[in-house]
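This report concerns only the one structure given below.
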Amino acid sequence: MPRPSHPIRYCWLAMMLVVAGVALLQPAQGFSADHSALAKTMLTSLGDQAGLCVHLGVRNVALTSELSGGGKFLVHGLTRDRESIEQARKEIRSRGLTGVVSIEHDSLRQLPYSDNLVNLLVAEDLSGSLDKDKLLDEVLRVLRPGGVAFVSKLATVEKQLSEYADKGAVAGFGTKEIDGSQWLSFRKPRPKAMDEWTHRRYNATRNAVSRDKVDIPTGVRWVAGPNWPTGNRKASVPGVVASKDRLVYVFDDLVETDDGPQHRNKLIARDAYNGMLLWRRATSLQSPPVLVHVGGRVYNVVKDDGPLVALDARSGEVVQTYPEAGSPKELFFVDGQLLARTRSDIRCLAADTGDLLWRFEGASDVVAGDGRAFLQTGFRSEKGERLHGVVCVDLTSGKELWRSSTESWPTKPSSLEMILYQDGILVFGGQGNHAISAQDGLHLWTYNYRLIGHGGSYAKVVHLNDLVWVHNAASIGPEGKPSYAWEGLNPKSGKVTKRLAHGGIKHRCMYDVATERYFLCGSMDFVDVVTEEHTRFAAARNSCRTAGVVPANGLVYTFPHACACYPLLRGFLGLASKDGDPAPTSDDRYQTGPAFETEFASQQESKAAWTTYRGDPHRSGSAATPGPAQLRRLWERTLTDPDAAFNRKEWDQKDGGRLTSPVVADGMVLVAASDTHELSALDAETGASRWGFTAGGRIDCPPTVYRGLCLFGARDGCVYCLRARDGELVWRFRAALDNRRIVAYGQLESRWPVVGGVLVHDKLAYFAVGRHGAADGGVHVYAAEPASGKVVWHSNPEGYGTLPDLLVAGDDEIHMADWEFDAKTGEARSSTAREYLRASRLGLLNNAWYKRPIALRKNLQQWSTGQASGQMLAFNKEWICGFTGPSKVNGGDGQISGDCQLFAKSLVSGRGWSTKMPLGTQIKSMVLADKTLFVAGRLDGFDTASNAVRALAINDGKELAELPVAGPVVHECLSVAGGRAYLSLHSGKVICLGAN
């Protein structure tokens, strides 16, 4: 194969980059050379200004690139033509779209995407693609509801589409002529089984029961950041709603200002099905916020003490202001009208004109349904008792229909909260629960019970399947024993007619919600209303307080929190049950390349090398030879542009930096640019490019160099083996169980990404894939022969209930988190060994505390070896060194206090030294090289100008040298080899340090 002129050479069979297609660079016959008009017409059909686009059977890279809309859409192109990929990627790079637009070879037998994921699918050339009987089924499977497809006009496809349209399987079917070419266009209809969640408590009734048929989650459909709250750990998302197209929420963000960090609320919209960022804007600090999303409008108060406004849901721009709404504290949309609750009254406005329809003074709360509004009032009796009243009015006119009060109730609660309206019943909370008739206001019943602990409330009530359900901590369980239980009350009498006892649920401070099939509560617990079975999705948990969990659009949404209950997935999550049909195992799971069974040159490992992540298979962070005697900048090389991509901020929410740490071997420095999926080999002496390789997804760890081989894993679920001297492919193995992708932090990834790269130990290569032991079939660990890729063993450990982590070599075992695997057989078991490097619940790869110090609470991000612990450690046979972060972390808002500490301890004498470092110091990398300890990071508290590399004498901690660097470094940024130090920066630069 000819060598490309560009210094980065791409593998002839590398899979995607991450969203967009490409193929031959010559304009295809019948298509205009100006593809911008064609792409613009297709993108305009969507409405939203961002999303996921798939280009099938690509014939021209220009159209694929134009489909990105200037970088706002993630584009993934599939082509059967392997030979066109290299040139197409070069063209994408020239347009500055690497990482936004990507291309992958695919046989097109089945589309490599999860269900309901794609906004726009363009099928330019389908000749010989997919099974003709399954083609449209596959397209409809991957399109999200409301998603649009454009298919080049073929008679067979047109006939089949016409039949599908007659059955209602597609909507808006028709032929469109765009820029001289004929296209068949259609939209995927929204399934009747899906529902929205347009208000804080579902809708204006406040009955938090979704009609969505979503099942218990089994895995992840999409994930976005931030993964951690910036403010209060239980209230980072004070408001969230979901329409049929978008998830819209308020996020309590922390923004750097001239006066220091300040809280600023952001109103953010994401695609409901793939989590792609649509827009974000500033909003008020009101909490809880006014937030309603109905149709094409989002209602919110965007300025502190400002008026109610309507935003265009597609752009976030203000389209209408409602001065007549006053200063609302809560809002409902009902039948084209807005009900606004202020401090002193309830107001009803026409949503379209903003005209005030009626106003009721003195009302403190409201719910609505069936054409009526129910208002809560307060007054004092002649005896001075505090009483509560309810007034029913016609929703449109405000005409009073009836009035009642608690004066006639058998018991008169001192406080009363209006909870919900449903099916002619109004339910209240206050010293128990109470119900009145919505027909005339007559009191029906009062039910007293003991509240559950941790978040118990008389507001935790739903009206479900013709019963009013309350949560009783002193109910009756099996065999008549006391038990927590939901009790279903007859709405008319208040008598208990059904009990769902559950002793094993750990309750949280969020509100319980429900679907018509399940109660959703606790830590992502589901209780089947019909079978009474209890199931927990242990890979994630409900958010706290106001956000909780939202069932809508066939998904279960949950949100960031800083709880430390157990190891779990974090961030904004769209959780899904299993895809409709299992993806068959692909026959191209294992592939060989041009360098297979060739000579790999280097057969010996040099002690002067740094061949793997953290230097060696034990992940010690130590070098076998001395480091540089001086810290002088010898060369630097920029590998990625930090500000090139439209959604760069989305990408930065993931764990890890824009570059991996460097590895050094065979005269080369190897570094991956994670978000562009590019592995670069640089000359260790000069920084000149040796070769480059593009993988099919993000690369979160540097490669391992072993006997002339370069092995690494990527987030596409594949492990790659290259010939180290020139980057030619030896083999590629898809360790993921299938090829279907999800969206993660603004890019496509496998449901089973490779985590932590490849470990080579005792002549075998080890790697792990997965997101959590309880998600999508769990975590899978493999051992393979490095030269051939032949799998020696594969383990999917039963009972592994945590996150995948960096693999660490022991003596005869391979360690991951708190598990170990027999190195020869793969036999798995829970590990109690403490002498090997391990981390607490977040893992060795997690760098969350740099951005969100609250991740330090409860030792969530602590490393240990049995000899020492800290936020980072480095060790050899004689010394162990470490860094500990702030001594105190406020568990509520994450504020830190107390000094940090750098320390070293002799493993021979037991003596050592420690140095206090200012609060805010962040040491992000440590390397122990002979008699010198090298550290890198922000070394002087919060001073952003204090990013530097420092060398210290290991015996006494005396500073030997220091070199400031511009901007922050990445996690594990340092490598030391051959008397030099190599450093990866967040700016996308690699720097070589040493003596002249």
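Remarks
- Its Kirkwood hydrodynamic radius, worked out from the mean inverse distance over all distinct Cα pairs, puts the range 35-187 at 15.4 Å.
- Rounded to the nearest 20, the Cβ-based charge dipole of the range 209-576 about its Cα centre (Lys and Arg +1, Asp and Glu -1) stands at 820 debye.
- With semi-axes defined as the square roots of five times the eigenvalues of the C-alpha gyration tensor, the equivalent ellipsoid of the range 493-534 measures 18, 12, 11 Å, largest first.
- Base-10 log of normalised Debye intensity for the chain (one unit scatterer per alpha-carbon) at q = 0.07, 0.08, 0.10 Å⁻¹: -0.64, -0.83, -1.21
- Per residue Cα convex hull volume in Å³ - calculated over the range 596-708: 137
- In terms of its Cα atoms, the range 663-810 spans 48, 37, 23 Å along the principal axes, sorted from long to short.
- Sequence of HIS263, HIS534 once ranked by neighbouring C-beta atoms within 10 Å, starting from the fewest: HIS263, HIS534
- Selected from SER437, THR515, PHE332, residue furthest toward positive end of dipole (the chain; charges at beta carbon): SER437
- The residue list LEU451, GLY477, LEU489 was ranked by how far each Cα lies along the charge dipole of the range 397-517 toward its positive end, using unit charges on Cβ atoms, and GLY477 comes out on top.
- Charge dipole magnitude, Cβ of K and R +1, D and E -1 - the range 43-177, Cα centre, debye nearest 20: 260
- Pairs beyond 27 Å (Cα-Cα), from LYS506/LYS858; LYS192/LYS649; LYS329/LYS460; LYS460/LYS506: LYS192/LYS649
- Share, in percent, of DSSP beta bridges within the chain that are antiparallel, nearest 5: 90
- Lysine pairs in the range 35-187 whose alpha-carbon atoms fall under 15 angstrom of each other, counting only those eight or more residues apart or on distinct chains, come to 7.
- For the range 389-513, the spread of Cα positions along each principal axis, largest first, Å: 50, 29, 26
- Cα radius of gyration and Dmax for the range 209-576 (Å): 21.0, 65
- Over the chain, dividing the summed -39,500 (n - 2.57) contributions of all DSSP H runs of at least 4 residues by the number of residues returns a 222 nm mean residue ellipticity of -1500 deg cm²/dmol.
- D_trans [Stokes-Einstein, Kirkwood Rh over alpha-carbon pairs] for the range 450-530, 37 °C, 0.692 mPa s, µm² s⁻¹: 260
- Reciprocal of mean inverse Cα separation for the range 666-714 (Kirkwood radius, Å): 11.0
- Anisotropy class of the range 140-186 from Cα gyration tensor, a/c 1.5 cut: oblate
- Stokes-Einstein diffusion coefficient of the range 874-993, Kirkwood radius over Cα pairs, 20 °C, 1.002 mPa s, in µm²/s: 144
- Span per principal axis, largest first, for the Cα atoms of the range 590-994 (Å): 52, 49, 47
- Placing unit charges on the Cβ atoms only, positive for Lys and Arg and negative for Asp and Glu, gives the chain a dipole magnitude near 1400 debye about its Cα centre.
- Residues SER620, SER984, sorted so that the one with the fewest Cβ neighbours within 10 Å comes first: SER620, SER984
- Among TRP402, TRP610, TRP469, the order by Cβ neighbours within 10 angstrom, fewest to most, reads TRP402, TRP469, TRP610.
Here, each number is a calculation from the coordinates, and none is a lab measurement. The structure displayed is predicted, hence computed values, not measured ones. Counting neighbours? That spans all protein chains shown, and the Cβs are built from the backbone with ideal geometry, glycine included.
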